[in-house]
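Heads up: the structure comes next, in structure tokens.
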Amino acid sequence: MLEIANIKKEYSGQLILSIPHLKFTDGIYWIKGGNGSGKTTLLKIMAGLLPFEGTILLNTSTDIKKNPIDYRKYVNYAEAEPLFPSFLTGYDLIHLFEKTKSASSVDVKNLVDVFNIQSFLSNPIGTYSSGMVKKLSLVLAFIGEPKLILLDEPLVTLEDHSIPILLKLINSYQSEKKVSFLITSHQLLEHDALKTIQGVLVKDKTVCFL
Amino acid sequence: MVEGSQLVSYHLSLMTGIIQSTSFLLIVFSVWFVYSVKSSQFVISSFAWPQNSFLFTLTCLPRSHQIGYLLFTHGFIHLPVWAYALVTSLVAFKQGNLLIGIFLLSFNFLLCFTMSVISVFQLNNPSSLYRSPLFHIQFPKKKTLTWFYLSFIMNDLKLITMVTKLFSYLAVVGFFQIPLDHYENRIPFMGFLLGLTAHAILIFEIRKWEDSYLTFTKNLPLSSIKRYLVLALVYTLLIIPEIFLMIVNKVHVVDLFAVIIFGMAYLLFIHSSLYHLNMNMDRYIQFISITFLISFTLILFTLSWFLVFIYATVSISWYKKYFYSFESLRL
């Protein structure tokens with residue numbers, strides 16, 4: 001599903017990540033690692049948000065650098081602490097994602113219903129609580145026909161009763177749509193809720209399977 | 001454009017039109033109504049902002065006091081309309097149309113009063129705040145990326161935009177004041193170049209905002225050319241006031257077309273340069289100064305189209321090169 005090779009990432013000349021080779025097959029992955037180990041950097045690189053050295057291939061053919069548009073069509077990302085323009089409404093962002101990710105409006109409406117966020121979507125994002133922004137960013141991450149969804153700390157600021165809803169959605173996307181997930185979380189991802197989750201460790205500036 | 005000497009007679013004839021024609025009066029009432037709705041939308045939405053939560057302490061006061069305060073607020077926002085309505089009423093009284101004069105003032109008072117009552121209701125029913133139809137008036141319904149930029153400029157950069165536009169306006173008008181006995185096509189370019197250079201701070205703020213709040217768009221499947229065209233549209237819309245000024249000053253059609261392309265390409269060039277300069281303000285100021293001097297010299301030698309070509313080519317290549325590879329130093 002996703003193959004990364006010779007990845008090197010530096011900030012101000014300091015090496016942060018160095019991954020010689022790693023291949024993710026279809027599935028759900030739980031990326032673990034301490035604070036500052038490079039989990040978010042790894043996800044941002046995979047999402048196409050950060051420049052890096054090396055290659056990333058989706059489904060053996062879609063190169064993040066050579067086919068940036070195709071790649072971004074199939075890889076979605078939700079940030080740990082999403083930052084959106086405060087004067088926009090949730091609907092403004094949803095419409096933008098719906099259009100650019102070629103999503104069906106029925107699917108989008110279903111996602112909005114699942115997360116039960118329709119009551120505040122018409123309001124400016126500046127009036128949202130951090131939990132509301134988080135839910136919006138999660139909805140945006142599921143929009144379209146992704147093959148890979150990257151979720152950075154999806155459980156942070158999410159209310160208790162929304163967590164099983166999210167985990168159920170992840171399960172259904174994996175089993176029904178064959179969407180893979182790479183999830184970072186400091187909170188325990190319950191094994192009962194998520195099928196066959198595989199561990200990945202980011203440590204000592206590199207990444208390995210557990 | 002109305003000449004300065006004819007301004008008073010122009011407005012007097014407009015006011016007479018309002019007083020004597022029912023259909024004109026209805027049009028003016030509609031415009032004032034829309035203005036009231038928009039200002040009410042602003043007042044109501046401001047209740048929802050976290051920094052304005054202290055306003056809810058007003059609910060401790062009796063309703064009549066609350067309406068009084070909000071009436072003052074709405075009346076103040078309505079001041080430009082009040083000024084025009086008041087003078088029109090005085091003209092109506094002088095022309096013997098007492099009823100129309102009173103009607104004009106009553107209509108505006110009714111608008112302010114209604115909007116105050118609605119605002120007080122929203123203030124006392126915070127749960128209905130978000131459901132208020134006034135709060136939800138959205139235009140356009142589905143906003144594009146271009147609209148995101150325009151909203152940012154109109155919402156967060158109001159003051160910078162106003163000062164920039166004022167300076168730009170004065171620069172263009174100033175160059176048109178140069179007395180000449182024949183048409184000179186370098187004049188609009190020179191004035192416009194000075195006005196465009198004044199946009200440097202505005203563009204810097206837009207780039208800063210992109211790096212902070214639009215990073216999520218890097219994950220969207222949009223080509224860099226499409227993103228570049230979005231910026232081209234934003235900057236073309238931004239220079240509409242100057243273009244209008246050129247039309248009023250009878251700039252020839254071919255030159256007008258060249259000026260539009262020139263303005264758009266110059267602003268895109270400055271925008272893209274910030275990727276190349278890594279958002280370094282010191283280097284940016286030097287870059288702007290040097291670019292201005294070179295551009296001014298080339299315009300003097302009637303090489304405007306060459307400039308357009310350089311700006312467009314370099315800005316596209318920088319944008320394509322740096323869009324995905326640029327990394328904000330704050331990361």
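Please treat every number below as a calculation from the coordinates, not as lab data. Everything numeric in this text was worked out from a predicted model, so none of it was measured. In this analysis, Cβ positions are derived from the backbone assuming ideal geometry, glycine residues included, and neighbour counts consider all displayed protein chains.
Some points to look at:
- Here the label points at A:Asp107 and A:Ser119, each 7 Å from Cα along the C-beta direction, are separated by 2.8 nm in the simple model.
- Cβ-to-Cβ counts within 10 Å put B:His74, B:His65 in ascending order as B:His65, B:His74, the fewest first.
- Cβ crowding within 10 Å, taken as a proxy for footprinting-reagent exposure, orders B:Val234, B:Val117, B:Val254, B:Val163 from fewest neighbours to most as B:Val254, B:Val163, B:Val117, B:Val234.
- Reported to the nearest whole Å, the Cα centre-to-centre distance from the stretch B:59-96 to the stretch B:177-208 is 40.
- Segment B:Phe103..B:Asn249, full-extension length gain: 48.6 nm, with 0.36 nm per residue of separation and the alpha-carbon distance subtracted.
- Computed from label points 7 Å out along Cα-Cβ, the spacing between B:Arg63 and B:His182 is 7.6 nm.
- Averaged over A:50-57, number of beta-carbon atoms from partner chains that fall within 10 Å: 2
- Computed over the stretch A:2-209, the alpha-carbon pair-distance distribution with 10 angstrom bins reads 8, 35, 37, 18, 2, each value a whole percent.
- A Förster radius of 22 Å, combined with the Cβ-Cβ distance separating B:Ile225 from B:Glu327, puts the computed FRET efficiency at roughly 0.55.
- Efficiency of FRET between A:Lys8 and B:Thr144 - r from beta-carbon atoms, R0 41 angstrom, step 0.05: 0.65
- The stretch A:195-209 versus the stretch A:90-160: alpha-carbon centroid distance in Å: 27 Å
- Taken residue by residue and averaged, Cβ atoms of other chains lying within 10 Å of the Cβ of A:83-92 number 6.
- Shielding value for A:93-103 is 4, the average number of Cβ atoms from other chains within 10 Å of each residue's Cβ.
- The Cβ shell under 14 Å around A:Thr60 holds other residues with a net charge of -1, Lys and Arg each +1, Asp and Glu each -1.
- Taking 7 Å steps out from each Cα toward its Cβ at A:Asp160 and A:Glu53 produces label points 4.9 nm apart.
- Estimated FRET transfer efficiency when R0 is 25 angstrom, pair B:Glu205-B:Asp282 (beta carbons, to 0.05): 0.90
- The protein assembly as shown: translational diffusion in µm²/s, Stokes-Einstein, Kirkwood Rh over Cα pairs, 20 °C, 1.002 mPa s: 79 µm²/s
- For the protein assembly as shown, size of Cβ-based charge dipole, Lys and Arg +1, Asp and Glu -1, in debye: 460 debye
- Using alpha-carbon coordinates, inclination of helix B:200-213 to the longest axis of chain B, degrees: 80 degrees
- GluC sites (Glu not before Pro), loop per DSSP, at most 14 other Cβ atoms within 10 Å - longest free stretch of chain A: A:1-158
- Descending semi-axes in whole angstrom, ellipsoid equivalent of chain B, from the Cα gyration tensor: 43, 31, 15
- Exposed trypsin sites (Lys or Arg not before Pro) absent - longest run of chain A, DSSP non-H/G/I/E/B, at most 13 other C-beta within 10 Å: A:67-177
- Net charge contributed by nearby residues that have their C-beta within less than 10 Å of A:Lys147 (K/R +1, D/E -1): +1
- With 0.36 nm allotted per residue and the present C-alpha distance subtracted, the A:Asp204-A:Asn171 stretch has 8.8 nm of extension available.
- Sorted by Cβ density within 10 Å, fewest first, the residues A:Val112, B:Val248, B:Val259: B:Val248, A:Val112, B:Val259
- Here the sum of -39500 (n - 2.57) over DSSP H runs of 4 or more residues, divided by the residues of chain B, equals -25000 deg cm²/dmol at 222 nm, to the nearest 500.
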